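The values are calculated or read from the model by the stated rules, or taken from the named source; none is laboratory data. These numbers were taken from a predicted model, which means no experiment stands behind them. Every residue, glycine as well, gets a Cβ built from its backbone with ideal geometry; the counts of neighbours run over all protein chains shown.
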Amino acid sequence: MEGALDGFVIDGPSSARRVLEGLAGAFGFVASDTGVALSFGPAQGRPVAALVPSALAETDEDAPLLSITRAQESELPLELRLSFVDPLRDFARVSVASRRLSGKSRRVTALDLNVAAETGAMQGAADARLHDAWAGRERFAFAVPPGHLALEPGDLLDVTPDGGEPRLVRIESIEDGVLRRIEARACEPEPLRGRRLTPDLRPTPLPATAGPPTVRILDLPLLTGDEPPHAARIAAFARPWLGGMTVWRSATGDGFEPMLEIDLPATMGELTAPLAPGPEGRIDRANTLSVTLYGGALSSRPLQDVLGGANVAAVQGADGAFEVLQFTDAELVGADTWHLSGCCARRPERKPRWAPTPARPLCCSSPACRCLTRDARGWGWSSFTRWAQPAGRSAIRR
């Protein structure tokens, strides 16, 4: 026997037969019970004996000396898949497949192996196993006199049918009695001898991991009128977004307690050009706002929806203060780059200050921008806030 595996896992209590059958089926070696020990051997080899019709024994007057049964194509696999762990791909779970280019079969056989091996070696094993499945579609049944005691399961034989050419078969089982009844299957090991495939060294993309989130705490005026008074808002974005973000709060920096859950990422980005001055309280048809988003998308909305509170954006100026505006038209002009038009300043409590230098906008919808409310537990106005994604990084801000 030859070949090597990088690793093999037995996932629980199991019998030796169950463990070895999976390996033998995938890699083509032969395991047999000699009565006193287990014997292992390669699928390739030379026949140990040659049996002609005169060497076979009659089991019944009406039965033939040699019975050959051929399996239907629909019972054989058209495709064979092997699933395993590849150590060259950071032990990622991968699979290889071998498929016949002809035949009427539609059956797919999948083997999930607890082994670690290179992709090239497993591809060769899949090709060999598919070839062996079709080569062994014929099964042989015959009997020999009890003098053939040297024959054991796993041995290769040359069996010659009456008036035919010698056939190479492998013994699968032997029933001892007055005669030795043998069941065997056809095999063609020679085409599989010495098959080698180079390993697949293509890089595999690693699974996405959580990076540091982008979080903004905004001091904005009331937008809908039903928000808690004097409540700041928090908006967060991360790529990838791992299903949510938890905001924690502490008065001293120790013993953080969960405050709220942010379920959706906000649509955030940066201005690519200075925000030009515009009218207050009216639709600005002259200027266009150019924005590059970190992720997500924007959409145009009718004027009636915008007047009802849609397409709200908060723009952070150079002094750190936020201006609130709305827009009616959003046009995608490049990769994550949008032109926003039909803007209207919406800051009822203070006069808008249009930033003369590029600023950072924050575009968000009401479900993604959450209010940071304060309860009556006496935490005061100075507190520490922490946010983190599941299994991600966290940040603390006072």
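Quick look at the numbers
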read-out	value
Failed item, numbered, when residue 95 is tested on (1) part of a strand (DSSP E or B); (2) under 22 Å from residue 154 (Cβ atoms)	(2)
Flag for residue 90 being among the acidic types (Asp, Glu) and either over 30 Å from residue 15 (Cα atoms) or surrounded by fewer than 19 Cβ atoms within 10 Å (Cβ to Cβ) (or both)	yes
Strands (runs of 3 or more DSSP E) (entirely within the range 285-367) containing at least 3 residues that are closer than 15 Å to residue 271 by Cβ, at pLDDT 75 or above and under 37 Å from the mean Cα position of the chain (by Cα)	289-293, 329-334, 337-341
Test: residue in the range 11-31 that is at pLDDT below 90 and more than 32 Å from the chain's Cα centre (by Cα)	yes
Strands (runs of 3 or more DSSP E) completely within the range 141-250 that count 2 or more residues being at pLDDT below 85 and surrounded by 12 or more Cβ atoms within 10 Å (Cβ to Cβ)	214-218, 232-237, 245-250
Candidates 32, 14, 83, filtered to the one that is surrounded by fewer than 16 Cβ atoms within 10 Å (Cβ to Cβ) and not aromatic (Phe, Trp, Tyr)	14
Qualifying position, being closer than 21 Å to residue 153 by Cβ and not hydrophobic (A, V, I, L, M, F, W, C), among 18, 81, 70	18
Condition broken by residue 44, with the remaining ones in (1) modelled with pLDDT of 85 or more; (2) under 27 Å from residue 32 (Cα atoms) satisfied	(1)
Residue ID - nearest to the chain's Cα centre (by Cα), chosen from residues in the range 78-92 that are of a type in the set (A, V, I, L, M, F, W, C) and in a strand (DSSP E or B)	92
Given (1) within 22 Å of residue 23 (Cβ to Cβ); (2) at pLDDT below 90, number of the condition residue 81 does not satisfy	(2)
Subset of the range 117-140 (residues that are assigned to a strand (DSSP E or B) and surrounded by fewer than 17 Cβ atoms within 10 Å (Cβ to Cβ))	138, 139
Filter result for residue 258 (within 33 Å of the chain's Cα centre (by Cα), without any contact (Cβ under 8 Å) to a residue 40 or more places away in the chain and outside any loop (DSSP other than H, G, I, E, B))	yes
Close pairs (6 angstrom Cβ cut-off, 6 or more residues apart or separate chains): under 18 Å from residue 24 (Cα atoms) in the range 95-116, among the β-branched types (Val, Ile, Thr) and modelled with pLDDT under 85 anywhere	114/9
